[in-house]
Amino acid sequence: MNLALFAAGVATFALLYCTQALLPAISADLGVTADRASWTVSAATGALALAVLPLSALSERFGRRTMMTASLSSAALVSVAVPFAPDLGWLIALRAVQGAALAGLPASAMAYLAEEVRPKALVGAIGLFVAGNSIGGMSGRILTGWVSQAWGWRAALAAVAVLAVAAAVTFRLLLPPARHFTPNPQGPRAVARTVAGHLADPLLRRLYAVGALFMTVFGAVYTVIGYRLVGAPFHLPQGVVGSIFLVYLVGTVSSATAGRVVGRLGRRGALYGAVATTAAGLLLTATPWLAAVLLGLVLITAGFFAGHAVASSAVSRTARTGRAQASALYQTTYYLGSSVGGALGAVAFHAMGWSGTVSLGLVAVLAAAGITLLGTRAARAERSARAAHPSRPSVTVARLTGR
């Protein structure tokens, strides 16, 4: 199960962000600016965000395994057509289709793990899935960087298509049948009620917002970093820029160890640590020294993947019913954050240079810290209320029972 979901995670991020490291080459070849080329990334993540909720509802009817297989297979097939896009408009359109095709996998994967894995092992299992995301994001960008330098960006996208097809086949061969899934077909009204219930939960709302803000930072930084590194004062070649994404290995470690960090610091403590690490990384990337920029990327990557693993696993544990919809809402806000972050990061870079992108990222991480602080205060208030009135139901119980 872990190996299958790891392969799915590799394919998901390799496909979803396959044009990100290629943006300078696409801009040069098609004669477009950074903010226009960035839509080859934002269109994919935005389409995924819009499609993930309806496809998660279908997973309640047809099963997580079926939905994940169909999603990954469809996205891999679309990837074969992407290298042949004749212009930027077609490339953006195909990328949007690819993102929508991938949408059935992320939310279904988290619901599948929540149903099939023991609660104590859930954070670690989701951490491994997220680690697969980081490996896919890293390998896809390194592969495209060097292939693009040798044969052009279209050949690089073809290489990613081969990787995606291989991962899809591996996933289908390894994933065991679900043992605890019970079909629960829901109509649009029932889905709307479930979604409304999740959005009424203050804790889930905070987790959704935190995931979106972390991804806003990550999307902004990694959409624009290629332009910064190929330009002054660094002037790095495309292959070397692709190799910069080796820092994703840090994300693999930080996401896989998120469960132990939560065990020591608690969920909110782990989120504070992720925020501080990400902010420090952003500040380092603003310096003119390549070593400091690389260290900054390491810290941003570690902070992002740790925060994402903590928030996503907390969503799966918090939702007692409609887990697929709860995870889908997280994925919706998460990938909207990526889409918005990539687009705004490119606009900020076009207008103000790298300092504009860093400023955008700092605003996002400070907002994530503020939301986490609200959660800390809410938890303290609830503990104080229970201590003062031990016979009275807690705030959470009162909300659920209406008392």
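The values are calculated or read from the model by the stated rules, or taken from the named source; none is laboratory data. For clarity, every value in this text was computed on a predicted model and none was experimentally measured. Glycine gets a Cβ as well: all are built from the backbone with ideal geometry, and neighbour counts include every protein chain shown. For accessibility, only protein heavy atoms count, side chains too; no ligands or nucleic acids. Shrake-Rupley method; radii C 1.70, N 1.55, O 1.52, S 1.80 Å.
Observations
- Sole residue being crowded, with 24+ Cβ neighbours inside 10 Å and not β-branched (Val, Ile, Thr), chosen from 50, 22: 22
- Residues in segment 222-233 that are open to solvent by 20 Å² or more (accessible area, probe 1.4 Å) and within 25 Å of residue 304 (Cα to Cα): 227, 228, 230.
- Evaluation of residue 55 against the conditions (1) within 23 Å of residue 229 (Cβ to Cβ); (2) open to solvent by 10 Å² or more (accessible area, probe 1.4 Å) shows that the sole unmet condition is (1).
- Members of segment 78-102 that are within 30 Å of residue 182 (Cβ to Cβ) and touching a residue at least 60 places away in the same chain (Cβ under 8 Å): 99, 102
- Evaluating residue 174 against the criteria (1) hydrophobic (A, V, I, L, M, F, W, C); (2) crowded, with 17+ Cβ neighbours inside 10 Å; (3) modelled with pLDDT of 90 or more; (4) under 16 Å from residue 116 (Cβ atoms) leaves one unmet condition, (2).
- Given (1) part of a helix (DSSP H, G or I); (2) free of Cβ contacts under 8 Å to residues at least 40 places away in the same chain, number of the condition residue 232 does not satisfy: (1)
- Single condition residue 273 does not satisfy, out of (1) within 19 Å of the chain's Cα centre (by Cα); (2) within 22 Å of residue 112 (Cβ to Cβ): (2)
- Options 311, 367, 292: the member that is farther than 20 Å from residue 223 by Cα, at pLDDT 95 or above and either assigned to a loop (DSSP other than H, G, I, E, B) or out of contact with any strand residue (DSSP E or B) (no Cβ under 9 Å at 6 or more places or on another chain) (or both): 367
- Any hit, segment 310-317, residues being open to solvent by 20 Å² or more (accessible area, probe 1.4 Å) and more than 30 Å from residue 231 (Cα to Cα): yes
- Residues that are farther than 12 Å from residue 225 by Cα and within 18 Å of the chain's Cα centre (by Cα), drawn from segment 335-359: 335, 336, 337, 338, 339, 340, 341, 343, 344
- Checking the stated criteria, residue 78 turns out not to satisfy the condition of being among the β-branched types (Val, Ile, Thr), crowded, with 23+ Cβ neighbours inside 10 Å and part of a helix (DSSP H, G or I).
- Residues of segment 202-225 that turn out to be within 23 Å of residue 376 (Cα to Cα) and in contact (Cβ under 8 Å) with a residue 60 or more places away in the chain, as a count: 15
One line per residue, one yes/no per condition, for (1) buried (at least 24 other Cβ atoms within 10 Å of the Cβ); (2) at negative phi; (3) touching a residue at least 40 places away in the same chain (Cβ under 8 Å):
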{"residue": "292", "(1), (2), (3)": "no, yes, no"}
{"residue": "303", "(1), (2), (3)": "yes, yes, yes"}
{"residue": "308", "(1), (2), (3)": "yes, yes, yes"}
{"residue": "337", "(1), (2), (3)": "yes, yes, yes"}
{"residue": "340", "(1), (2), (3)": "no, yes, yes"}
{"residue": "362", "(1), (2), (3)": "no, yes, yes"}
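- Hits in segment 185-227 - residues which are under 18 Å from residue 331 (Cβ atoms) and among the β-branched types (Val, Ile, Thr): 191, 194, 195, 210, 216, 217
- Count of residues meeting criterion [more than 19 Å from the chain's Cα centre (by Cα) and either open to solvent by 40 Å² or more (accessible area, probe 1.4 Å) or under 30 Å from residue 366 (Cα atoms) (or both)] in segment 177-221: 23
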